[in-house]
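Read-outs: derived from the displayed coordinates by stated rules, not from any lab. Computed from a predicted structure; not experimentally measured. Don't worry about glycine lacking a Cβ; one is built from the backbone with ideal geometry, like all the others, and counts go over all protein chains shown.
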Amino acid sequence: MACTNCSTDTSSSIPKGCGSNGSCGTDSCNKLNVFDWLSNMHYPPGFEAFDVVEVRFKNGRKDFYKNTEKLALQIGDVVATEALPGHDIGIITLTGELVRVQMKKKKTDYDNVALRIYRKANQKDIDVWQEARSKEEAVRVRARELAIFHRLEMKISDVEFQGDASKATFYYTANDRVDFRQLIKDYAKEFSIRIEMKQIGFRQEATRLGGIGSCGRELCCSTWLTDFRSVNTSAARYQQLSLNPQKLAGQCGKLKCCLNYELDTYLDALKDLPDMDTKLQTEKGIMHCQKIDIFKRVMWFAYPENSANWYKISVEKVKDIITANQTGEKIENIEDFVSENQQSNEKTITFDEDNLSRFDNEKRKKRPAKKGGNRNKNGKTQPRNEEGKTARTNQKVSNKFADRSSSKTNEKPVNKTGDRPMQKSTERPTQKSNEVQKTGEDDRRAVHKKKRNPNYKGKNRNNNSSSNHEAKPQ
């Protein structure tokens, strides 16, 4: 859509031509322009051309101005227009009789057009205008910092300087009313310029900033869409879309404008279709509608107790069932009304041997046994036998069966000497055995202390005062 003057320079990747430094989808010279199909037509003699022209400013802002000086204006001319106060610089986007049609579309009366065009912009006017436009980015960043400093719940989305650099308009978005009286004073002190605050909606913010939608194209509101029709969630319900806010919302956080594009087509197709609240009465119970395919004219029904099993029925058969239910007749077998496509699909829900050969048991090969064994805690592999099992597992299995076989026999275990069979004692230990155990512990402690200190005199078993060990001379 770009003209030859606005082609992009490959070395710097900056658009040439008017110097707006934007692409043709966001801020080009032909954004939201109207094709003048009367431009090549000659007016009859004595016919006076319409003296109102349409002028565009930054980000698609347009207004109507009177050409009181009878200037020869064409689309694309840069003109100096009247402003309050001072003057502004804009670009002519429409002239002639189409302006009258455009005013009628926007419901603007001729008497309400009070502003006029001064002259065509000279080089000095363009230089001042471009210099003011170059400051907008830095001013916007500083303005956001001041708004955050005052803890105001608002967002400064864009800043627009007037053509003569005498006034700056700050566009902001906010959910509630904001008291920014002190903020305006700080702006005037910081930027030394006349300040104007203007609140816009979230959709207008997306229009001014531009962006890429989920479809991969530039936003419709920033390229060609001029009016914002209200979008409701009913538009998504009519089109059988999932009510997911993340998928239905656009860059502005509101419902996508494209939900209204095909809404009329869906409404025409839904005229002769039953509602989603349709219920079918059968011998087994009442069936509820689960889903509708509008253009294929198919509906899905299911029983409440078995909601996972859906029955696919055409719209014509659904109407027949509804007519029968109105006469008091209930359907005995719902499978007779099921669509043939669903019945054929149910019969063919099997694994195809040709396409799904990996599910064929005959063609599946047996996996060979691994050459290496399982690794133990030390990182060493254990050898495998011919059956692919490790020796440890075989040993565990053999010990397991050996324990079972030994438990079945009545033989009693024999001690190490083989004198007599070992028996478990159920008697409690006597006091004598406790004394012997205590005495043995004392002897072990004495030996341990003697190793550490040779002069230590331990106690004997009889607890005598004299020691059996003589101390060695030093």
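What the phi angles of region 277-285 give under the Karplus curve with 6.51, -1.76 and 1.60, with θ = phi - 60°, is a coupling list of 8, 5, 10, 10, 9, 10, 5, 7, x Hz, glycine and proline written as x. If you plug the beta carbon distance of E190 and K106 into 1/(1 + (r/R0)^6) with R0 = 51 Å, you get a FRET efficiency near 0.90.
In region 268-298, which residues have a backbone nitrogen under 14 Å from the label point lying 7 Å from Q326's Cα in the Cα-to-Cβ direction? The answer is 273-275, 279, whose backbone nitrogens lie closer than 14 Å to the label point. Normalised by the number of residues in region 229-271, the average gap of Cα pairs under 8 Å and 6 or more apart makes the relative contact order 45 percent. Each principal axis of the Cα atoms in region 135-208 has its own extent, and those three values, largest first, are 31, 27, 17 angstrom.
Dipole of region 18-128 computed with +1 at Lys/Arg Cβ and -1 at Asp/Glu Cβ about the Cα centre; of V99, V128, Q74, farthest Cα towards the positive end is V99.
Annotated for region 279-347: lysine pairs at least 8 residues apart or interchain, Cα distance under 16 Å, count 15. The calculated FRET efficiency for E335 paired with D268, based on their beta-carbon distance and R0 = 35 Å, is about 0.60.
Contact order for region 18-128, expressed relative to its length and based on alpha carbon pairs under 8 Å spaced 6+ residues apart, stands at 28 percent. Can you list the trypsin sites (Lys or Arg not before Pro) in region 163-223 that are in a DSSP coil and have 15 or fewer other beta carbons within 10 angstrom? Sparse-neighbourhood loop trypsin sites (Lys or Arg not before Pro): R177, R217.
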